[in-house]
1. What translational D, rounded to a whole number of µm²/s, comes out for the chain from Stokes-Einstein when the hydrodynamic radius is the Kirkwood one over Cα pairs, at 20 °C and 1.002 mPa s?
2. Note the full-extension length gain between CYS294 and LEU156 as 0.36 nm times their separation in residues minus their Cα-Cα distance, in nm to one decimal.
3. Would you list ASP319, ASP358 from the most to the least accessible area, probe 1.4 Å?
4. Build a GNM of the chain with springs between Cα atoms under 10 Å: which of THR164, THR181, THR104 gets the top mean-square fluctuation?
5. Give me the 1.4 Å probe accessible area per residue for the chain, excluding ligands and nucleic acids, in Å².
6. If each of THR30 and ASN89 carries a label point 7 Å out from its Cα toward its Cβ, how far apart are those two points in nm?
7. As I understand it, the dipole of the range 55-355 uses +1 on the Cβ of Lys and Arg and -1 on the Cβ of Asp and Glu, about the Cα centre. Which of ASN325, THR260, ILE310 lies farthest toward its positive end?
8. For THR207, what accessible area in Å² do you get when you roll a 1.4 Å probe over the heavy atoms of the protein chains, rounding to the nearest 10?
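The values are calculated or read from the model by the stated rules, or taken from the named source; none is laboratory data. Treat the numbers as computed from the prediction; the structure is a model and nothing was measured. Ideal geometry is used to build each Cβ from the backbone, glycine not excepted, and the neighbour counts take in all protein chains shown. Heavy atoms of the whole protein, side chains included, go into the accessibility calculation; ligands, DNA and RNA do not. Shrake-Rupley method; radii C 1.70, N 1.55, O 1.52, S 1.80 Å.
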Amino acid sequence: MYRKLTATTIFNGYQFLPKDSVLLVDENGTIVDILPATEAGNDVEFFEGTLSPGFINCHCHLELSHLKGKIEKNTGLIDFLGKIMVERNATDVEISTAIASAETEMLQNGIVAVGDICNNTNTIPQKTKQHLHYHNFIEVAGFPAEMANARFEKILEVYHQFKTHFSKTSIVPHAPYSVSTALLQKIVDYADNKLISIHNQETIEETILFQKKSGGFVDFYRRFNISMEAFEPKGKSSLQDILPNFKINQPLLLVHNVFTEEADVQYAKTFYGDLISNLYICLCPNANLYISNCLPNVEMLINNNCNFVIGTDSLASNDQLCIYNEINVLKKHFTFIPMEQLLQWATINGARALEVDDVYGSFEKGKTPGVVLLGDGVRRIV
Ligand SMILES: [Zn+2]
């Protein structure tokens with residue numbers, strides 16, 4: 001039995017289809033065909049709004065879901081990080097209940113696949129229910145170089161626990177300001193690692209640290225008694241400093257990019273050369289507004305043909321886990337971006353970034369991408 005679906009408009013992951021197109025979907029959610037209405041026969045279901053493939057959330061921290069509403073807005077990243085460290089403890093029941101309801105929220109908001117940052121194993125029980133596809137980014141931090149071995153050994157234990165359940169798992173660095181070169185090299189060289197993600201240029205303090213070894217992070221590390229002795233500023237931006245540690249054939253998701261400048265993008269283009277499509281710019285606008293009330297220079301990034309994807313970040317820095325809401329926030333602040341382009345970022349680009357475009361991201365025969373209806377809100381149809 002097929003369902004025949006049509007709507008005011010259909011977006012197929014790449015573009016809006018000609019009017020009167022009909023999507024044929026079988027009972028397993030597999031895309032069977034896309035036909036003109038004249039060939040589709042009877043029993044076509046019509047929806048007011050736009051039909052789109054399910055959304056890909058390229059950046060989330062499901063394990064922080066219990067922090068929803070706990071951290072005040074507009075404190076800046078450094079205060080935010082301090083509060084996360086203090087507030088993240090909770091009972092097992094609080095943590096697991098919040099994880100389950102955050103996942104339900106993502107499902108209801110049309111999300112089908114998630115790139116999820118994990119510092120611990122708290123999300124494994126929920127993820128094994130397989131309601132959503134996850135790429136687990138097992139995240140490690142450690143600024144003093146002498147910590148690199150111990151931190152890496154410790155995160156390997158978390159990694160192996162995920163790996164017994166999920167093949168799509170990799171070890172990733174937290175951020176330029178929180179990993180030493182020694183630790184970064186261990187991560188990049190780890191043979192199993194195919195896909196890497198890193199929080200990038202989320203605060204101007206990161207730039208100040210890398211250029212001058214001063215600013216808020218120096219105070220932050222002093223407050224937590226963390227040694228910065230081995231860190232030598234090279235006078236470059238953080239991205240230009242760390243990028244040579246990565247491999248150009250290894251896909252990399254740069255998350256946030258609020259203070260990324262044109263010189264950084266030019267540098268990245270030169271570094272990656274023909275393999276620049278391995279570099280993804282992940283935008284999380286609601287989280288940027290929540291934490292520091294500012295947004296990346298999206299116009300400059302578009303003018304440089306960056307490869308965009310979208311993330312929600314966690315409920316610690318967002319009131320909801322909804323990619324459609326992120327799209328609408330981007331549309332509101334950057335009115336010149338066509339809806340078609342924003343939807344591409346949220347569907348096929350995200351699926352390519354998480355290496356699941358064989359299943360998700362577009363209405364193409366044989367895929368099971370999910371079907372969502374967009375209008376005033378978002379609703380899962382298939
Ligand atoms: Zn994050």
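1. Values: Rh = 21.4 Å.
Translational D for this selection: 100 µm²/s.
2. Numbers: separation 138, 0.36 × 138 = 49.68 nm, distance 3.51 nm.
Full extension of this stretch gives 46.2 nm more.
3. Working: ASP319 75, ASP358 110 Å².
The ordering from most to least exposed comes out as ASP358, ASP319.
4. Among THR164, THR181, THR104, the largest mean-square fluctuation in the Gaussian network model of the chain belongs to THR164.
5. Working: 15890 Å² over 382 residues.
Here the residues of the chain average 42 Å² of exposed surface.
6. According to this spin-label approximation, the distance is 5.1 nm.
7. ILE310
8. Estimated to the nearest 10 Å², THR207 gives 20 Å².
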